[in-house]
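K.L.:
Handing you this structure, nothing more for now.
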Amino acid sequence: MTTEQQVLNAPASVSTISGGTRTRVITARPWQPKLITYPEGREGECPFCQTGRANEYRGDGFVISDNLYSPFEFHRLLVPSTCWKESELRNLNGPGLSLETAFTAGLGEFVRLGRNPFPAWISTHIGIGAGQNQPHHHWHLIVRPRGGTEVVGQDRPEFGPLTIIRDSNLFRACAWGIKAGQVLIVPRAPILITAAMENVEILLELVRLVRNIVDLYNKKFSYPDFAIMFAVAGEYDWCVHYIPHLNYWGPNDYLAPVYGTPYTLSWSHKETVRFLLSAD
């Protein structure tokens, strides 16, 4: 059995292995459950629609409050004021909280509370398979716990032409990571994080590329569960991850975090790109 192994060095040093008899991209996910949303008229039962949450801060169309069910010292929730429909969740396009607002308000919350945002993570998960146990859309704002493993900046990976999915003027989206279909979006040249958040043109270009990836996967994989993570490790060291939930873990997948073996991809990143860019 032949395999293709790829060693990556950013944002964390990992290795992946793919190939052998598993090379075909599989789009069927009969195990993906339908996302449960509150029926019209019963939205008031949603706990995220309630007011008076812990250490609450109100913005324009959203609320930020403490996550009381987290082991992290700093873990806040950024929540739009109203529930979204499933179609709005799947397309990441609902009322009260745009993608650009989630990025800027999330990063601004660390600054507002006087927390060092390096490193920090702003993430959302869409669908039960991605870990969403409340249908109300929300983002998690997390900083590294005290005493945790030190996070240092890493050199950006060198992307080969066969891993590039989309390019914009300032950003590049490539197939990269420990899960089949995972995407890493990085600046094509270093951009100061404050400049990216304060310059409307830069921010909107980033958001357009993220939305383009969401739309592309929704089209090619029929609306998979997914997560988006905005990861900030330093002033010039930041990226956006798109992580679709395209397959369940098997025995090989458990070996990697427990024993340090390569992470097994159900198909290679090159196969993902070939499939995404193929004609329907």
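Just so you know, all these numbers are worked out from the coordinates, no wet-lab data involved. Bear in mind the structure is a predicted one, so any value in this text is a computation, not a measurement. FYI the Cβ positions are ideal-geometry reconstructions off the backbone, even for glycines, and counts take in every protein chain you see.
K.L.:
Over the Cα atoms, compute the radius of gyration (one decimal) and Dmax (the largest Cα-Cα distance, rounded to a whole number) for segment 48-108, in Å.
P.N.:
Over segment 48-108's Cα set, Rg and Dmax evaluate to 11.9, 33 Å.
K.L.:
Something else about it: Separation between the residue 162 and residue 87 pseudo-spin-labels, each 7 Å from Cα along Cα→Cβ, expressed in nm?
P.N.:
Placing both labels 7 Å beyond Cα along the Cβ direction yields 4.0 nm.
K.L.:
Note down the Stokes-Einstein diffusion coefficient of segment 3-276 in µm²/s, whole number, using a Kirkwood radius over alpha carbon pairs, 25 °C, and 0.890 mPa s.
P.N.:
Numbers: Rh = 19.6 Å.
Estimated diffusion coefficient is 125 µm²/s.
K.L.:
Quick one: Karplus J couplings for segment 203-208, per residue in order, coefficients 6.51, -1.76, 1.60, θ = phi - 60°, nearest Hz, x for Gly and Pro?
P.N.:
Residue by residue, segment 203-208 yields 4, 5, 5, 4, 4, 4 Hz.
K.L.:
Hey, fewest Cβ within 10 Å first, where do 176, 249 land in order?
P.N.:
249, 176
K.L.:
Once amide H atoms are built 1.01 Å from N in the peptide plane, which residues 5 or more positions from residue 264, or in another chain, come under 5 Å H to H?
P.N.:
Excluding prolines and chain starts, which carry no amide H, the hits are 17.
K.L.:
Relative to the first principal axis of the alpha-carbon coordinates of the chain, what is the inclination of helix 99-112, with its axis defined by its Cα atoms, in degrees from 0 to 90 and to the nearest 10?
P.N.:
For helix 99-112, the angle is close to 70 degrees.
K.L.:
What ranking do 239, 46 get, fewest neighbouring Cβ atoms within 10 angstrom at the top?
P.N.:
Working: 239 20, 46 15.
Ordered from fewest to most neighbouring Cβ atoms within 10 Å, 239, 46 come out as 46, 239.
K.L.:
Per residue of segment 211-216, in order, report the coupling 6.51 cos²θ - 1.76 cosθ + 1.60 (Karplus, θ = phi - 60°) as ³J(HN,Hα) in whole Hz, putting x for Gly and Pro.
P.N.:
Those phi angles translate into 5, 4, 5, 4, 5, 5 Hz.
K.L.:
Could you let me know the centre-to-centre spacing of segment 203-237 and segment 62-107, using Cα atoms, in angstrom?
P.N.:
Computed from Cα coordinates, the inter-centre distance equals 15 Å.
K.L.:
Are there cysteines in the chain with no other Cys C-beta under 4.7 Å, and if so, which?
P.N.:
So far as the 4.7 Å Cβ criterion goes, 83, 174, 239 stand without a partner in the chain.
K.L.:
Now for a separate question. Lys and Arg at +1, Asp and Glu at -1: add these up for the other residues within a Cβ distance under 13 Å of residue 167 and post the number. Let's see the in-between values first.
P.N.:
Numbers: positive: 166, 172, 188, 208; negative: 205.
Spelling it out: positives minus negatives among the neighbours equals +3.
K.L.:
Give the value in nm², to one decimal: projected area of the alpha carbon convex hull of segment 226-280, averaged over all directions. The partial results should precede the final answer.
P.N.:
On the way: hull surface 23.0 nm².
Quarter of the Cα hull surface area: 5.8 nm².
K.L.:
Under a 5 Å amide H to amide H cut-off, with H placed in plane at 1.01 Å, what residues pair with residue 238 once short-range neighbours are removed?
P.N.:
Hits under the 5 Å cutoff: 233.
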